[in-house]
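For reference, the structure discussed in these notes is given below.
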Amino acid sequence: MPDSYRRPTAQLRADGSLRHLLTLEELPVQVIRSLLERSEHYARPFAQPAARSDLLAGRTVAIMFAEPSTRTRVSFELASRRLGADVVNIEVQLSSRLKGESVPDTVATLESMHVDAFVLRDVDPSVPDLVSSSVAEHISVLSGGAGSHSHPTQGLLDALTVRQHKGRIEGLRIAIVGDIRHSRVARSSWHAFAALGAEEIRIVAPRGLMPADDEFARCTRHTSLESGIADCDVVMVLRIQKERMTAASIPDEVSYFTEWGLTAARLRSAKQDAIVLHPQPMNRGVEIASDVADGPQSVIRDQVRNGVAVRMAVLEATLLRGRR
Ligand code: NCD
């Protein structure tokens, strides 16, 4: 269930440029397209050195994550450094929040130290929005994941990865499988795929992990894995997000894999050239079998690689028009 959540503050400046990235919802599709174009510019094949520039030299990015993260935090940090910015990482668990300091007070402290952008992840989905409405005008706020509500850079990197492998999003049949109810990734990737013209987006989940009926407009709903992924071009698998569940509602992992694990045999009901995505962290043998995760149809490593390129594009788009 998405947590209670206020409408985002305006993400665009008066001149139409991107100031904050809080959610893909309501973002004009041309902004999504131009972020993907710039991401392509920064994406490099695995064997080549990473793209670099000094476009953001002299800017400072503060990364404040209050929930665990490996890929998102590291890729925001690498993206900032590869554009020449300074980076500070605030371990919220070790910060003055433990002494009772509020998020706005921590942010105000860092503003005084000339931070130009805040990258925020919080279990409370309203935190990035709240901070964006209080910072000085030249400062940008980027969401690194807001509760189970949204994860906009993940939505962009998923769209980029699909586009690279399939050449387009238009006309594709895409299945999102697993714990959709608690997934911010499902919500943001759905927004990206829908905005970019996917023909059909299916949400495929056991009844207990389905989102509320008024969410995921125009998606078709399936409660069986095989029929849900049948003839799909893209299968995106999600982790069971136990941290957002009560102990009693956490499914048993062995029986979940028996019914819902994506195995090579099950994947055969998707199109022969279907690609498999997973935002990670993966629980092998729970929602996905290792031979699928590491197999020829998996593009999971490309998602991670694209994560840095997308975050470079987002930092460039938001910070270049900020303070000069
Ligand atoms: C996801 C997240 O944190 O929402 N991971 C990520 O950012 N790549 C997915 C998850 O935790 O399952």
Among (1) surrounded by fewer than 24 Cβ atoms within 10 Å (Cβ to Cβ); (2) modelled with pLDDT of 95 or more; (3) in a loop (DSSP other than H, G, I, E, B), residue 148 falls short only on (1)
Screening 35, 98 for residues that are in a helix (DSSP H, G or I), surrounded by fewer than 12 Cβ atoms within 10 Å (Cβ to Cβ) and either of a type outside the set (S, T, N, Q) or within 16 Å of the ligand (Cβ to nearest atom) (or both) leaves only 98
Inside the range 132-155, the number of residues satisfying the requirement of being of a type in the set (A, V, I, L, M) and either within 10 Å of the ligand (Cβ to nearest atom) or under 9 Å from the mean Cα position of the chain (by Cα) (or both) is 1
The residue from 108, 50 that alone is assigned to a loop (DSSP other than H, G, I, E, B), in the same structural domain as residue 137 (by TED's automatic domain parsing) and more than 16 Å from the ligand (Cβ to nearest atom) is 50
Right, residue 163: away from the ligand (no atom under 16 Å from the Cβ) and out of contact with any Leu (no Cβ under 6 Å at 6 or more places or on another chain) or not? yes
Picked from the range 270-283 (must be surrounded by 14 or more Cβ atoms within 10 Å (Cβ to Cβ) and more than 22 Å from residue 73 (Cβ to Cβ)), the residue nearest to the ligand (Cβ to nearest atom) is 276
With the condition kept exactly as written, say whether any residue in the range 116-124 is among the hydrophobic types (A, V, I, L, M, F, W, C), away from the ligand (no atom under 16 Å from the Cβ) and in contact with a Ser or Thr (Cβ under 9 Å, 6 or more places away or on another chain). yes
Residue pairs qualifying under the 7 Å Cβ cut-off, at least six apart or on distinct chains, with the first in the range 173-201 being among the polar types (S, T, N, Q) and the second being part of a strand (DSSP E or B) and surrounded by 23 or more Cβ atoms within 10 Å (Cβ to Cβ), are 188/150; 189/176; 189/236
Pairs returned, first residue in the range 68-79 that is touching a residue at least 60 places away in the same chain (Cβ under 8 Å) and of a type outside the set (Lys, Arg), second residue that is outside any helix (DSSP H, G or I) and more than 9 Å from the ligand (Cβ to nearest atom), beta-carbon separation under 6 angstrom, 6 or more apart or interchain, are 76/63; 76/119
Picking from 141, 162, the residue that is on the phi < 0 side of the Ramachandran plot, in contact with a Phe, Trp or Tyr (Cβ under 6 Å, 6 or more places away or on another chain) and not aromatic (Phe, Trp, Tyr) would be 141
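The values are calculated or read from the model by the stated rules, or taken from the named source; none is laboratory data. From a predicted model like this one, the values you see are computed outputs, not experimental measurements. Because the Cβ atoms are built from the backbone with ideal geometry, glycine has one as well, and the counts that use them run over all protein chains shown.
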